[in-house]
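Following: one structure in structure tokens, then a few remarks.
The values are calculated or read from the model by the stated rules, or taken from the named source; none is laboratory data. What you see is a predicted model, and the numbers here were worked out from it, not measured in a lab. Cβ: placed from backbone, ideal geometry, glycine included. Neighbour counts: every protein chain shown. Accessible surface areas use protein heavy atoms only, side chains included; no ligands, DNA or RNA. Shrake-Rupley method; radii C 1.70, N 1.55, O 1.52, S 1.80 Å.
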Amino acid sequence: MNFIDMHCDTIYKLMDDPRFSLYKNNFSIDIEKMKRANYKAQFFAMFVDAEETPNRLNRALDMANRFHLEMDKSKEYIKLVTNYDEFKSNESQGKISAFLTIEEGGVLEGDISNLKKFYDLGVRLMTLTWNFKNEIGYPAYDRANNHKGLTSFGIEVIDQMNNLGIIIDVSHLSDGGFYDVVKYSKHPFVASHSNARAVQNHQRNLTDEMIRILSNKGGVTGINFCTEFLAEDRISKVEDMVNHIKHIKNIGGVDVIALGTDFDGIHSKVEIEDASQMGKLVYALEKEKFSAGEIEKICYKNVERVIRDTLK
Ligand SMILES: [Zn+2]
């Protein structure tokens, strides 16, 4: 099987430890592990913790720099892509595709011109908020403000993301923000790493209504391997991932399901310990009578569709 994973925090981990490289490290994602599992693409998030980072923009620029250095060091195996044609070209050369993403729209520091700056650095997906309020909107974690939507700057960001061809990501966003993205985005959007709230009642997960809307809009949600979004358990079990997949399929159809592991951002034990073990999920889906075509859609084809429909 092939895989496309819409979310990981590997760049964040690499920033802390210069001894490691993207080619080989002791994290959950490196090139060796992705090659073993036949990855087609990995989305690499530049995650910025806005409360511990005084200069959010500069931090993200430093991360982009590290990402580009890693791409250069391993250029025979992996290459940044910014659209569907580049992705297909990497595929034909047997290279893994890397998508560069932002997790925390606060890195724009409220200045719309910074979005173009990141676009020029190769960013093609942005998670509008993390767990703090920012210039764009409110996070799912802020229960008191969860009904609140995007700010006027947030609406401007949506418009500009549509114009440039950057995928809008509603994971971490308030429920009100989700509905504003539905209202204002002209293109399909994604929840890069969110599960089903009806299966695990957590604000970070999507309600059934959200899953239906996301599906109708042609987007996807990436199954997140973090324990707290899967089940009331201390370890992340494959069985629980499959439960979310079955539920989301029932509600929104198989075309809305993708993968957004959150690897290298997970602090508890996961039965699928790293990228090389993704076959465990395929095996579990086969046992649950998912067809080969359905499993391909979940593992990479649905994301390919979104890439084709949203990037220029
Ligand atoms: Zn996240």
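Excluding ligands, DNA and RNA, the accessible surface per residue across the range 131-258 is 36 Å² with a 1.4 Å probe. For Glu103, the residues whose modelled amide H falls within less than 5 Å of its own, excluding neighbours fewer than 5 places apart on the same chain, are Met46, Phe47, Val48, Thr127. Separation between the Lys148 and Asn201 pseudo-spin-labels, each 7 Å from Cα along Cα→Cβ, expressed in nm? Result: 2.5 nm between the two label points. Taking every alpha-carbon pair under 8 Å whose residues sit at least 6 apart, the range 161-216 reaches a relative contact order of 30 percent. Computed from the Cβ-Cβ distance with R0 of 22 Å, the FRET efficiency linking Lys246 to Glu273 stands at 0.45.
Think of the chain as having a plus end and a minus end, set by charges on the Cβ of Lys, Arg, Asp and Glu; of Gly219, Thr101, Phe178, Gly219 sits farthest toward the positive end of this dipole. When only Cα pairs below 8 angstrom with a gap of at least 6 residues are kept, the range 100-152 shows a relative contact order of 33 percent. Residues of the range 262-302 with the amide nitrogen closer than 14 Å to a label point 7 Å from the Cα of Ile235, along Cα-to-Cβ, please. What the label zone holds, given the 14 Å backbone N cut-off, is 268-274. Binning the alpha carbon pair distances of the chain at 20 angstrom intervals from zero yields the distribution 37, 61, 2, expressed in whole percent. Computed from label points 7 Å out along Cα-Cβ, the spacing between Asn65 and Ile112 is 2.9 nm. Once the Cβ-Cβ distance between Ser291 and Asn58 is put in as r, and R0 is 45 Å, what FRET efficiency do you end up with, to the nearest 0.05? For R0 = 45 Å, the calculated efficiency reads 0.40. Accessible area per residue was computed with a 1.4 Å probe on protein heavy atoms; Arg59 scores about 60 Å². Close amide-amide hydrogen proximity is noted between Ile167 and Leu125, Met126, each under 5 Å apart and 5 or more residues distant or on a separate chain (H modeled in the peptide plane; Pro and chain starts excluded). Ordered by 1.4 Å accessible area with all protein chains kept, Asp208, Asp30 run largest first as Asp208, Asp30.
Normalised by the number of residues in the chain, the average gap of Cα pairs under 8 Å and 6 or more apart makes the relative contact order 19 percent.
Spin-label pair Lys186-Glu32: with each label point 7 Å from Cα along the Cα-Cβ axis, the two points sit 4.7 nm from one another. A DSSP coil position with no more than 11 other Cβ atoms inside 10 Å describes none of the chymotrypsin sites (Phe, Trp or Tyr not before Pro) in the range 11-92. If r is the Cβ-Cβ distance from Glu156 to Asp85 and R0 is 35 Å, what FRET efficiency results, to the nearest 0.05? FRET efficiency, Glu156 to Asp85: 0.75.
Residue separation of Asn216 and Tyr77 scaled by 0.36 nm, minus their Cα-Cα distance, works out to 46.5 nm of gained length. Listed values for the range 93-99 are Karplus-derived 3J(HN,Hα) couplings in whole Hz (6.51 cos²θ - 1.76 cosθ + 1.60, θ = phi - 60°), namely 8, x, 9, 6, 8, 10, 9, and x replaces Gly and Pro. Residue-wise HN-Hα couplings along the range 264-273, as the Karplus relation 6.51 cos²θ - 1.76 cosθ + 1.60 with θ = phi - 60° gives them from phi, are 6, x, 9, 9, 10, 6, 10, 4, 8, 6 Hz; Gly and Pro carry x.
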